[in-house]
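Heads up: the structure comes next, in structure tokens.
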2 protein chains.
Amino acid sequence: MKRPDLEDIRAAHRRIAPYIHRTPVLTSAALDEMCEASLFFKCENMQKAGAFKARGACNAVFSLDEETASRGVVTHSSGNHAAALSWAARLRGIPAHIVMPSNAPAVKRAAVESYGGIITLCEPTLAARESTAEAVIARTGAELIHPYDDYRIIEAQATAVIELLEEANDLDVVLGPVGGGGLIAGTALAIHHLDLLTQVIACEPANADDAYRSFHEGKIIPSIDPDTIADGLRTQLSDRTFDIISHFVDDIVTVSEEEIVAAMRTVWERMKIIIEPSSAVPVAAALSGDLPIVGKRVGIILSGGNVDLGNLPF
Amino acid sequence: MKRPDLEDIRAAHRRIAPYIHRTPVLTSAALDEMCEASLFFKCENMQKAGAFKARGACNAVFSLDEETASRGVVTHSSGNHAAALSWAARLRGIPAHIVMPSNAPAVKRAAVESYGGIITLCEPTLAARESTAEAVIARTGAELIHPYDDYRIIEAQATAVIELLEEANDLDVVLGPVGGGGLIAGTALAIHHLDLLTQVIACEPANADDAYRSFHEGKIIPSIDPDTIADGLRTQLSDRTFDIISHFVDDIVTVSEEEIVAAMRTVWERMKIIIEPSSAVPVAAALSGDLPIVGKRVGIILSGGNVDLGNLPF
């Protein structure tokens with residue numbers, strides 16, 4: 001087991017480049033003024049399937065040898081990874097089996113179905129998810145693609161910051177959300193391999209602060225029933241993401257639910273782009289005034305834009 | 001009275017370039033598929049003050065000689081032009097007087113105030129607006145900047161399609177909304193002067209079809225109490241915009257309120273950008289299946305992104 005190196009990240013980038021969007025990097029005079037900093041927003045909310053997850057899913061699917069691929073892929077995420085994996089599998093023409101709790105929101109089922117994912121419902125417990133996925137694997141031989149505890153995923157999530165740095169160099173700080181840790185681990189790993197002095201700060205809802213606590217206590221703290229609007233960040237770190245985050249992330253900070261909703265609304269109103277609550281977490285951190293970013297060049301990875309317009313927090 | 005020529009448009013572009021955003025041109029595989037065409041979206045929703053109106057206002061304000069400018073500017077629009085004029089006047093350090101009906105939504109007053117506009121309230125009638133503006137002019141000597149019946153405005157609105165064509169050449173068709181006609185007149189004039197074969201099609205709410213009727217009947221038809229969600233398109237053509245539209249716009253089409261709301265939602269959900277109802281009008285036309293755009297390269301000018309998030313139609 002060896003962490004991905006820079007060439008692994010570059011190879012992932014070449015592998016997925018034909019399929020993913022080169023998402024824009026936007027700036028906002030209004031937010032710059034509010035933060036007293038120069039902000040560069042990497043818009044993964046405009047990524048295929050609406051989130052950076054398309055990068056990892058695409059890399060994993062296109063890394064498979066023909067025989068393995070032909071048996072399909074499976075996951076038991078119900079969020080953006082599920083939609084992204086369905087999207088990537090359809091690109092390769094292989095089945096994607098998505099194990100989903102029976103209480104998953106209709107909008108999430110619809111997203112997976114829109115990309116041709118094959119949904120298997122199960123009871124809403126982790127044990128049921130895992131055993132149902134096992135049963136799918138036993139029946140089909142499909143390859144399990146974990147949403148983040150997988151170097152094929154992490155090395156591909158690293159490509160977002162690679163692109164960001166190509167358009168906004170000399171960043172002093174990069175901010176990104178942390179849930180399971182795939183995105184921030186990839187980000188920190190890329191910056192480490194590029195030998196940059198850029199600081200990497202992970203941002204997390206205070207109501208789901210397991211990564212914050214894990215980082216500071218030096219061991220993985222489970223995420224138990226986190227009550228946050230940032231639905232993409234309710235998961236907990238894994239062995240692979242915790243290892244990379246412990247070594248290469250400079251700090252983890254937390255923000256309140258009110259700050260998340262306010263930051264989301266500010267981005268919608270001032271930047272005219274749709275971000276989901278998870279994306280608003282690093283924006284909230286930048287707006288909080290608590291980060292040492294005044295006068296600095298700050299990259300912010302907007303992780304996704306999948307929201308239910310019929311159920312907004314404002 | 002002579003219509004602006006290409007050099008006037010180029011001069012306006014040079015004049016405003018230091019102040020406006022070079023807004024992105026986005027594409028969407030999902031919308032391309034729905035329309036069976038290649039769509040290029042010019043994102044004026046991300047323009048300064050949230051709409052293309054910043055172009056015209058900025059050009060008008062920076063065209064003034066020092067002495068005239070020192071007396072300030074005035075308008076009796078309550079929408080995006082009012083906010084844009086306030087923004088442009090602040091850039092030049094001169095007062096912007098905005099005459100607004102007493103029943104204007106709080107969100108519009110807040111926008112004007114956020115840019116330092118000086119609001120004078122009046123009764124909600126056209127006569128009261130005009131007489132109040134006259135009184136402001138008598139008192140201050142401010143220059144009236146009409147939202148569209150002004151070549152300084154029209155030649156600057158033309159710069160949006162100039163930028164669009166720099167990033168997406170060989171467009172077969174350009175679609176834009178028509179209200180007072182400043183944007184579509186500028187667009188058609190630019191394409192005429194560039195000697196392009198690109199068709200220009202204006203799009204209008206069926207519930208505010210005065211431009212459609214004016215175009216087909218050969219004279220300006222007043223817009224009387226139009227009932228459309230596209231609040232930017234309730235105004236009627238003026239002498240200058242009607243003249244240009246009659247000569248250089250190829251067609252005007254209309255869409256229903258339901259189509260406007262559905263198109264707006266589709267753009268929000270699939271492109272992850274916030275557009276206001278007026279911007280959704282040309283998108284609705286493209287999605288309607290009624291335009292001859294299959295297989296073609298189609299530019300769409302997304303005119304603005306100012307919506308009240310507390311009052312959405314979905």
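Between A:Cys122 and A:Met100, A:Ser102, the built amide H atoms are under 5 Å apart, and every one of these is 5 or more places off in sequence or on another chain. The dipole here belongs to the range A:54-144: it is taken about the Cα centre, uses +1 on the Cβ of Lys and Arg and -1 on the Cβ of Asp and Glu, and is about 300 debye.
Please label the shape of the range A:110-241 as rounded, prolate or oblate, based on the square roots a ≥ b ≥ c of the eigenvalues of the alpha-carbon gyration tensor (a/c under 1.5 means rounded; beyond that, a/b larger than b/c means prolate, else oblate).
Values: a/c = 2.13, a/b = 1.54, b/c = 1.38.
Since a/c reaches 1.5 and a/b is larger than b/c, the shape of the range A:110-241 is classed as prolate.
What pairs in A:Lys48/B:Lys42; A:Lys272/B:Lys42; A:Lys48/B:Lys108; A:Lys108/B:Lys296 have C-alpha atoms more than 25 Å from each other?
Correct reply: A:Lys48/B:Lys108; A:Lys108/B:Lys296.
For the range A:18-56, a reduction of at least 40 Å² in accessible area between the chain on its own and the assembled protein chains (probe 1.4 Å) is found at A:Met46.
Within a Cβ distance under 13 Å of A:Ala262, other residues only, what is the Lys/Arg minus Asp/Glu net charge?
Working: positive: A:Arg265, A:Arg270; negative: A:Glu257, A:Glu258, A:Glu259, A:Glu269.
Result for the neighbourhood of A:Ala262: -2.
May I ask for the distance between the Cα centers of the range B:99-175 and the range A:161-210, given as a whole number of Å? The range B:99-175 and the range A:161-210 have Cα centres separated by 42 Å. Its alpha carbons give the range B:54-144 an Rg and a Dmax of 12.0, 35 Å.
The share of C-alpha pairs in chain B whose separation exceeds 35 Å stands at 13 percent.
Counted by Cβ distance under 12 Å from A:His21, the other residues give a net charge of +3, where Lys and Arg count +1 and Asp and Glu count -1.
Just give the residues from the range A:293-311 buried by at least 30 square angstrom of accessible area in the all-chains context relative to the isolated chain, probe 1.4 Å, and say none if nothing qualifies. Residues losing area: A:Leu309. Partner shielding of A:191-197 amounts to 0, given as the average count of beta-carbon atoms from other chains within 10 Å of each residue beta-carbon. Calculated accessible area for the range B:11-77 comes out at 34 Å² per residue, all protein chains present (probe 1.4 Å; ligands, DNA, RNA ignored).
Placing a label point 7 Å from Cα along the Cα-to-Cβ axis, B:Asp5 is separated from the same position in the other copies by 6.4 nm, shortest listed first.
Please compute, for peptide B:269-282, the average count of beta-carbon atoms on other protein chains lying within 10 Å of each residue's beta-carbon.
Values: counts 8, 3, 5, 18, 9, 7, 1, 1, 0, 0, 1, 0, 0, 0.
Mean partner-chain Cβ count within 10 Å for B:269-282: 4.
Tell me the trypsin sites (Lys or Arg not before Pro) within the range A:176-251 that lie in a loop according to DSSP and have at most 15 other beta-carbon atoms within 10 Å. Answer by residue number: A:Lys219.
Given the rule -39500 (n - 2.57) for each run of at least 4 DSSP H residues, summed and divided by the residues of the protein assembly as shown, what is its mean residue ellipticity at 222 nm, to the nearest 500 deg cm²/dmol?
Details: 28 runs with 281 residues, N = 628.
Computed ellipticity for the protein assembly as shown at 222 nm equals -13000 deg cm²/dmol.
Exposure check, 1.4 Å probe, all protein chains in place: A:Tyr148 carries approximately 30 Å² of accessible surface. Under 5 Å between amide hydrogens, built in the peptide plane, is the criterion, and for A:Val174 it picks out A:Gln199, A:Val200, A:Ile201, A:Gly299 among residues at least 5 positions away or on other chains. Split the accessible area of the range B:54-144 by element, probe 1.4 Å, and carbon with sulfur accounts for 53%.
With +1 on each Lys and Arg Cβ and -1 on each Asp and Glu Cβ, and nothing else charged, work out how big the dipole of the protein assembly as shown is about its Cα centre, in Debye to the nearest 20. Please report the intermediate quantities before stating the final value.
On the way: 54 positive and 84 negative charges, 81 e Å.
Dipole magnitude for the protein assembly as shown comes out near 380 debye.
Dipole orientation for chain B: of the candidates B:Ala208, B:Ala60, B:Thr235, B:Ala60 has the Cα lying most toward the positive pole (charges on Cβ; Lys, Arg +1; Asp, Glu -1). Volume of the convex hull of the protein assembly as shown (Cα atoms only), normalised per residue: 152 Å³. For B:Ala37, the residues whose modelled amide H falls within less than 5 Å of its own, excluding neighbours fewer than 5 places apart on the same chain, are B:Gly295.
Along Cα-to-Cβ, 7 Å out, sits the label point; list in nm, shortest first, how far the one on B:Thr125 is from those in the other copies. In nanometres, ordered from closest: 7.3. As a calculated quantity, the FRET efficiency between A:Asp239 and B:Thr27 at R0 = 35 Å, using C-beta atoms, amounts to about 0.35.
In this assembly of identical copies, the label point of B:Asp290 (Cα plus 7 Å along Cα-to-Cβ) is separated from its counterparts by 5.4 nm, sorted shortest first.
Rounded to the nearest 100 Å², what is the buried accessible area between A and B, both sides summed, probe 1.4 Å?
Numbers: alone 12760 and 12780 Å², together 23870 Å².
Summed over both sides, the interface buries about 1700 Å².
Straight-line reach from B:Lys219: taking Cα to Cα under 23 Å and skipping same-chain neighbours fewer than 8 places apart, the lysines in range are B:Lys2.
Where both residues lie in the protein assembly as shown, what percent of DSSP beta bridges are antiparallel, nearest 5?
Numbers: 7 of 65 bridges.
Taking every DSSP beta bridge within the protein assembly as shown, about 10 percent pair in antiparallel fashion.
The values are calculated or read from the model by the stated rules, or taken from the named source; none is laboratory data. It should be emphasised that the depicted structure is a prediction, and the values quoted were computed from it without experimental measurement. Every residue, glycine as well, gets a Cβ built from its backbone with ideal geometry; the counts of neighbours run over all protein chains shown. The area values use the complete protein model at the heavy-atom level, side chains included, leaving out ligands, DNA and RNA. Shrake-Rupley method; radii C 1.70, N 1.55, O 1.52, S 1.80 Å.
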